[in-house]
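Student: Before we start, here is the structure in question, set down as structure tokens.
The values are calculated or read from the model by the stated rules, or taken from the named source; none is laboratory data. If you're wondering where the values come from, they're calculated on a predicted model, not measured in any experiment. No Cβ is skipped: glycine too gets one built from the backbone with ideal geometry, and neighbour counts run over all protein chains shown. Ligands, DNA and RNA are stripped out before the accessible areas are found, and what is left, the full protein with its side chains, is counted by its heavy atoms. Shrake-Rupley method; radii C 1.70, N 1.55, O 1.52, S 1.80 Å.
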Amino acid sequence: MQKRTQNIFVRRTVFAAAATFLGTVFALPLVWFIFAPFNARAELGLAIPSPFTLSNFATVFENTFAMQALLNSLIQAAGGVVLVGAAATLAAYALSRSPIPGKGAVTYILLLFSSVVSGSAAMVPIFLIISAAGLIDTHLAVILVFAGGLLPTAMFILRDFIDAIPRSYEESAMVAGASPLQAFFDVALPVIRPGIVVVVVWAFVNIWGSFLIPFILLRSDKLMPASVAIYSFYSEAGTPIVTLLAAYSLIYSLPVIALYLFVNWKFGFRFFGGIKS
Amino acid sequence: MKKFSLLSTRAGALFLAPATALVGVFVIIPFFWVIFVSFTNRTLLGRTAVDPDFVGLQNYFALFNPATFFTRGQFGFSLILTIQFVLLSALIGQALLGLLLAWLSQSVTPTLKSFLQTAVIAAWILPEVVIGFAWFAFLDYDNGTLNMILRGLGLPPGDWLLQQPFWVIVFFNTWRGAAFSMMLFNSAFQSIPPSYFQAADVAGATSWQKLRDIALPLIRGHVVTDLILITMWTFNVFTPFLLTHGGPSYRTEILSIYTYRIAFKDFEFGKGAAVGVVIMLINLAFALVYLRIAHKKPVEAE
């Protein structure tokens, strides 16, 4: 029996050591990011700032181009999120509740297309369609392309969610005299809301962080989102201006971190976040 | 009692309209358009930009030309590189590491578990440009954290982005994406009744035996799902571009970066579209397998 206890102890220690090691390995490339933004003389090396300073942030805030880029990211992400949230909710509700024939096939085909038509495969036709529509170099181009690309998955998540809600909720409302629209807006929508929040957060994080689509669809500096604008923080010799980049990267990451913490707190980060385009 | 419908067919169609329009224009049409463009010599500039000629399979012949197929910077080289990249960073790296991380998370203290999960998930949720820059700093020859550690351990430092660019993107993608597999396996492990493991404990089974003989057979469906999804994502990922731009001398030019270069640097849209079609065909094969399995799942779960 004693040997057994010893074994368990050894095993626990080995597991704890392995977990500590792996956690550290995963954290290492990011440790630099914890310090560099607060170091006025930050370089690519890891160094504890002395003194801790916010001067890098002050420089970023004074840089109108950098701030404009954050605003652009916000415009594009918010626009995309509104479109995805609204269109996906309506569509998922119809797929779940209306007697439209071939609903199963629609879901299947949507999933198939959305996984086949990836950004890397479709960058040429997406560019051509946006060109043909005369939308190159507009916020709308980025918003529409993301809305189209994210919708299938968003509809799929929401449909699962709505299917899980008993129909009797809306049925009793309609028996009591509500119109289908009232049943949708006043009864179903409040119950679906957590699902919509999940989809909206997921879409926001995707658009906010993406690089390729705005990179190929936008030209002018004043429309660039932060993900593309960040490349302007290089000196003319091509070396990065580390102090600015570090502080800016941190500011740019904050919404994503905040949303992650929010979802984690509200829903538990189990598997909602697991779906990523 | 007749089940009355909550939404008439017409209202349903109306509800579906905005989503249908958006998906139609930005997902379905590109699918067919890319096939069409791949049969033309369309370019970004010049006469063929407005009035491209139909060139048949010429773009495909250029891609699969045996004389240059394996040359660096050509399609075949990029395709093979991508397959190696997927095998090493997704199937071996992310899946195995994710499994290990999830298994470790089951058996360590809550504090250690949250440290481990936070580190792994942070790598996954932060925006890709930020991650790209963090790795650029991490790998810097003179001051980077990695070489600092190597020097501290008495090992020779390396200029990894120049010397081993392919292995850099393999490790980079493994690090970046392991969180998904970890979370999927986490929830898979939690679906196994604890009594199975308790019974094995009583019988004196080791952790490895429990993983091999109890956990893995029960989560087989999750493993297959995970492998297919991460394969598809890794196959299409563009993030390594932010670290290496496909270089040096095309050594990290996976297919997504190759497409970008052909279409938007060399402005050969026709050829770029042909690459896109090949990528879509490969995606289609994976997606069909995945949907077939996903559809079967409810039966399997019984």
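Student: What residue, of A:168, A:179, A:232, A:210, is among the small types (Gly, Ala, Ser) and surrounded by 21 or more Cβ atoms within 10 Å (Cβ to Cβ)? Working first, answer last.
Tutor: Details: A:168 fails: surrounded by 21 or more Cβ atoms within 10 Å (Cβ to Cβ); A:179 fails: surrounded by 21 or more Cβ atoms within 10 Å (Cβ to Cβ); A:232 fails: surrounded by 21 or more Cβ atoms within 10 Å (Cβ to Cβ).
That would be A:210, the only listed residue that is among the small types (Gly, Ala, Ser) and surrounded by 21 or more Cβ atoms within 10 Å (Cβ to Cβ).
Student: Report, by residue number, each residue of the stretch A:19-62 that is open to solvent by 20 Å² or more (accessible area, probe 1.4 Å), in a helix (DSSP H, G or I) and among the polar types (S, T, N, Q).
Tutor: Scanning the stretch A:19-62 gives A:20, A:24, A:55, A:59.
Student: Right, here's the next one. In the stretch B:182-213, which residues are over 17 Å from residue B:96 (Cα atoms) and in a helix (DSSP H, G or I)?
Tutor: Residues satisfying the conditions are B:190, B:194, B:195, B:196, B:197, B:198, B:199, B:200, B:201, B:202.
Student: Report, by residue number, each residue of the stretch B:91-136 that is closer than 28 Å to residue A:77 by Cβ, more than 7 Å from every other protein chain (Cβ to nearest Cβ) and hydrophobic (A, V, I, L, M, F, W, C).
Tutor: Answer for the stretch B:91-136, where residues must be closer than 28 Å to residue A:77 by Cβ, more than 7 Å from every other protein chain (Cβ to nearest Cβ) and hydrophobic (A, V, I, L, M, F, W, C): B:121, B:124, B:131, B:136.
Student: Could you tell me which residue of the stretch B:205-250 is surrounded by the fewest Cβ atoms within 10 Å (Cβ to Cβ), considering only residues that are of a type outside the set (A, V, I, L, M) and within 19 Å of residue B:195 (Cβ to Cβ)? Steps first, please.
Tutor: Let us first name the residues in the stretch B:205-250 that are of a type outside the set (A, V, I, L, M), namely B:206-210, B:212-213, B:217, B:220-222, B:225-226, B:231, B:233-236, B:238-241, B:244-250.
Filter again for within 19 Å of residue B:195 (Cβ to Cβ), leaving B:206-207, B:209-210, B:212-213, B:217.
Numbers: B:206: 11, B:207: 18, B:209: 12, B:210: 20, B:212: 12, B:213: 12, B:217: 9.
Here the answer is B:217.
Student: Oh, and also: Which ones in the stretch A:78-113 are open to solvent by 30 Å² or more (accessible area, probe 1.4 Å) and within 23 Å of residue A:140 (Cα to Cα)?
Tutor: Answer for the stretch A:78-113, where residues must be open to solvent by 30 Å² or more (accessible area, probe 1.4 Å) and within 23 Å of residue A:140 (Cα to Cα): A:78, A:82, A:83, A:86, A:90, A:113.
Student: Let me ask you something else. Being in a helix (DSSP H, G or I), at the interface with another protein chain (Cβ under 10 Å from one of its Cβ atoms) and closer than 30 Å to residue B:229 by Cα, is that true of even one residue in the stretch B:83-90?
Tutor: No, every residue in the stretch B:83-90 fails to be in a helix (DSSP H, G or I), at the interface with another protein chain (Cβ under 10 Å from one of its Cβ atoms) and closer than 30 Å to residue B:229 by Cα.
Student: Return only the number of the condition from (1) part of a helix (DSSP H, G or I); (2) among the small types (Gly, Ala, Ser); (3) open to solvent by 40 Å² or more (accessible area, probe 1.4 Å) that residue A:173 does not satisfy.
Tutor: Residue A:173 satisfies every listed condition except (3).
Student: Give just the number: which of (1) within 28 Å of residue B:132 (Cα to Cα); (2) modelled with pLDDT of 85 or more does residue B:249 not satisfy?
Tutor: (2)
Student: Please state which one of A:245, A:254 is exposed (fewer than 13 other Cβ atoms within 10 Å of the Cβ) and either assigned by TED's automatic domain parsing to the domain that holds residue A:121 or in a helix (DSSP H, G or I) (or both).
Tutor: Testing whether each residue is exposed (fewer than 13 other Cβ atoms within 10 Å of the Cβ) and either assigned by TED's automatic domain parsing to the domain that holds residue A:121 or in a helix (DSSP H, G or I) (or both) leaves just A:254.
Student: I would also like to ask the following. Given the criteria out of contact with any His (no Cβ under 7 Å at 6 or more places or on another chain) and farther than 30 Å from residue B:23 by Cα, does residue A:87 qualify?
Tutor: no
Student: Can you name the residue in the stretch A:6-18 that is more than 8 Å from chain B (Cβ to nearest Cβ) and open to solvent by 90 Å² or more (accessible area, probe 1.4 Å) and, of all such residues, is modelled with the highest pLDDT?
Tutor: A:9
Student: May I pose another question? Are there any pairs, at least 6 apart or on different chains, whose C-beta atoms fall under 7 Å, with the first in the stretch B:129-143 and at pLDDT below 85 and of a type in the set (Ser, Thr, Tyr) and the second buried (at least 18 other Cβ atoms within 10 Å of the Cβ) and part of a helix (DSSP H, G or I), and if so, which?
Tutor: So the pair list comes out as B:141/B:147.
Student: Considering the stretch B:189-204 alone, what residues qualify as being within 10 Å of chain A (Cβ to nearest Cβ) and in contact (Cβ under 8 Å) with a residue 24 or more places away in the chain? I'd like the intermediate steps shown before the answer.
Tutor: First, the residues of the stretch B:189-204 that are within 10 Å of chain A (Cβ to nearest Cβ): B:190, B:201, B:204.
Within the stretch B:189-204, no residue meets the criteria.
Student: What are the residues in the stretch B:93-112 that are within 29 Å of residue B:169 (Cβ to Cβ), open to solvent by 30 Å² or more (accessible area, probe 1.4 Å) and either touching a Pro at 6+ places or on another chain (Cβ under 8 Å) or without any contact (Cβ under 8 Å) to a residue 24 or more places away in the chain (or both), if any?
Tutor: B:96, B:100
Student: Okay, next question. Regarding residue B:55, is this residue surrounded by 15 or more Cβ atoms within 10 Å (Cβ to Cβ) and more than 9 Å from chain A (Cβ to nearest Cβ)?
Tutor: Spelling it out, residue B:55 is indeed surrounded by 15 or more Cβ atoms within 10 Å (Cβ to Cβ) and more than 9 Å from chain A (Cβ to nearest Cβ).
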